[in-house]
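J.: Below are the structure tokens for one structure; questions will follow.
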Amino acid sequence: MATANGGAPAAGGQGQEQAQGGSLLKSLTGMFRMALMWYAFKQFFGGKSSPKNAGEVVYLEPSLTRGTPVDVHFFVTDDGGLASTWWQAATKLDPTVSFENVPLASGDSRIVEYVYRPSEHAQNNGSVSVHAVFTKHGHSFDPKDATFDKSSTWGFTKSLTTYKEQVGGKSGVNLLSKDEEAEQKRQEPLPVLNYLKPNITVQFVEDYNKLNAAQVPPHMAMSILNRINETHYSPHVYWNEFWILRDYLIPLNETVVEQTIFFTVEPLSSWKAQMMSSMDNSFMLQEQWGMSSSGESDEVKRIFLEGNPYFLALTVVVSLLHSVLDVLAFKSDIGFWKDNKSMKGLSARSVMLNAFCQLIISLYLLDNETSTVVLLSSFAGTAIEFWKITKAMDVSVVASWPYLSVKDRASYAESDTDKHDREAMKYLSYLLYPLAGGYAIYSLLYETHKSWYSFCLSTLVGAIYLFGFLAMTPQLWVNYRLKSVAALPAKQFVYKLLNTIIDDLFAFVIKMPLLHRLSVFRDDIVYLVFLYQRFFLYPIDSTRVNEYGYCPAAAEATVDDDRGVVKDLAKQTKKTKKTKPAKESKTSADGQVDGPK
């Protein structure tokens, strides 16, 4: 039986979720990285503590056994002076919601909807608490009652609200307007708002084992803190806020007159409680160490919460495949440019354009307070792109400004590739510059920005997202003019093509902004043209040396020469076998062996 005092039937529903960008691959990789770090710390620094008296081991037993019927009482208070602890709430107040005759860690889930009406204190950034008190069925939670039993009564207090920085507060201002009030507001720090949690979930964990007091699992720490006495601990209760995402939180202000809160009491398996506790600690450590942003954990949880289990399993497998292909593409890319001696058939200007785009993206991420891991990864990619420039062009330090000289290699400048490359960039500029300029004008007139620096970065990044695939078109033009694709790194191309297909799959799985989703599909056009050139238009020239110095025609000639040598050796062997055999040896009368005559 479940009752809600002062409640009313729930009306309305929760707000619709906002589409937010995320990266499943990055989040899953972060979880795997944190698991490895946790294991390493546990191995080196996680030695088990021992009791003060090594010869005496203290064991703790649960105060109630599994299946024992209990009553659960919730007290909601929005005035800290009225009841700050569960004991005070049980002594002074009547329960807000009660669940009666609930079997410990067994039975079905029970849900009660309660309409909460916040006080003026709560509407003005005041904290709201919820106290949970557990008693054996039929016993009172009030110490003054005759049925009160201290040995079977326990509880704890949690906050029903949380304070978080306002989302989207620093949207910026229109740089062409002269609104001083808006500019002053933009420069102020983001306000911290009070948010109400819409769900209260208490779960009885199916774990009723005898525990060593010196070796208590971390996820059972609350039960040990609420131990009944020196030898018994209260049943393991998990206060589940794992599935309360940022989108589900409700801003608590003067406009909120009433709000439905769902109270849930249900059983939970031990392995699920341990997994959720470990994941929560992992997400918290990643945020504290700057390895992820606050929204990334929500995106991972959202996939588990809202996604199809089979689709989720497919996504995990594809994520691992994506990681492997990323490593292989990186290895092939580095190996190609490390050993590359000639730029014939390759577009040097595409290399420079890619480096510029990568630099802009890295600066944009830095300006938008991205997590440290993402920044390090982005700047590492930028460094590699600029390293490619030193391999593709002649880079030297000079005494005058800008103290750096970047020129085409002598062999490249004299080749047809340079001419076709310049021609491709000229035609590309006719399309790219007007598009980028038009986007910049639109952004300046109709969008808001934090500063002129942010405007330049966001405009360039927007142009890269929308028209970035055009940076790969010079190589298509060079292939067309040379009627050959032999100079391209084939392995790297295949790896990136497979990764593009995987990115297309993620575009349907993960919620992301429309521009980012379109930027995933834009590369398919260029890669399809590459495929058409590679397999249908231009056959492989076996006389050209590839990126690893391998020439198929020369290798075939070497094999033919080796075959000729093998044939000559076979003929000589046959001639040796056809020679006349030696006469048999004879034994003389004195027992000596005579050799052949």
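The values are calculated or read from the model by the stated rules, or taken from the named source; none is laboratory data. In this text the structure is predicted, and so the values were computed from the model without any measurement. Neighbour counts run over all protein chains shown; Cβ positions are idealised from the backbone, glycine included. With ligands, DNA and RNA removed, areas are computed over all heavy atoms of the protein, side chains included. Shrake-Rupley method; radii C 1.70, N 1.55, O 1.52, S 1.80 Å.
J.: Would you rank 208, 538 by solvent-accessible area, highest first, keeping every protein chain in place and using a 1.4 Å probe?
T.: 208, 538
J.: Heavy-atom accessible area of residue 250 with all protein chains present, probe 1.4 Å, nearest 10 Å²?
T.: Accessible surface of residue 250 is approximately 30 Å².
J.: Given points 7 Å out from each Cα along the Cα-Cβ axis, report the residue 331 to residue 501 separation in nanometres with one decimal.
T.: With each label placed 7 Å out from Cα toward Cβ, I get 2.0 nm.
J.: Give me the extension gain from residue 56 to residue 174: residue separation times 0.36 nm, minus the current Cα-Cα distance, reported in nm with one decimal.
T.: Gain in length upon complete extension: 35.3 nm.
J.: Right, something else. Starting from the Cα of residue 427, step 7 Å along the direction of its Cβ; do the same at residue 368; then give the gap between the two resulting points in nm.
T.: Taking the two extended label points, one gets 3.3 nm.
J.: What is the distance, in nm, between label points placed 7 Å from the Cα along the Cα-to-Cβ direction at residue 85 and at residue 304?
T.: Result: 3.4 nm between the two label points.
J.: For the stretch 279-342, how big is the tail of P(r) above 20 Å, as a whole percent of Cα pairs?
T.: 55 percent
J.: Using a 1.4 Å probe on the protein heavy atoms only, what accessible surface does residue 528 show? Give it in Å² to the nearest 10.
T.: 110 Å²
J.: For residue 281 and residue 338, what does the FRET efficiency come to when R0 = 51 Å and r is the distance between their Cβ atoms, rounded to the nearest 0.05?
T.: E between residue 281 and residue 338, to the nearest 0.05, is 0.80.
J.: Go through 456, 357 and list them by solvent-accessible area, largest first, probe radius 1.4 Å.
T.: Largest accessible area first, the list is 456, 357.
J.: Please give the contour-minus-distance gain from residue 404 to residue 311: 0.36 nm per residue of separation, less the Cα-Cα distance, rounded to one decimal in nm.
T.: Value of the extension gain: 28.4 nm.
J.: Here's a follow-up. Summing Lys, Arg as +1 and Asp, Glu as -1, what charge do residues with Cβ under 9 Å from the Cβ of residue 236 carry, residue 236 excluded?
T.: Net charge around residue 236: -2.
J.: Kindly sort 502, 334, 441 by accessible area of their heavy atoms, largest first, with the probe set to 1.4 Å.
T.: 441, 334, 502
J.: Could you do me a favour and compute the accessible area per residue for the stretch 256-319, 1.4 Å probe, result in Å²?
T.: For the stretch 256-319, the per-residue accessible area is 50 Å².
J.: Determine the gain in length on full extension of the stretch residue 321-residue 454; use 0.36 nm per residue of separation and subtract their C-alpha separation, reporting nm with one decimal.
T.: Between residue 321 and residue 454, full extension yields 44.3 nm more.
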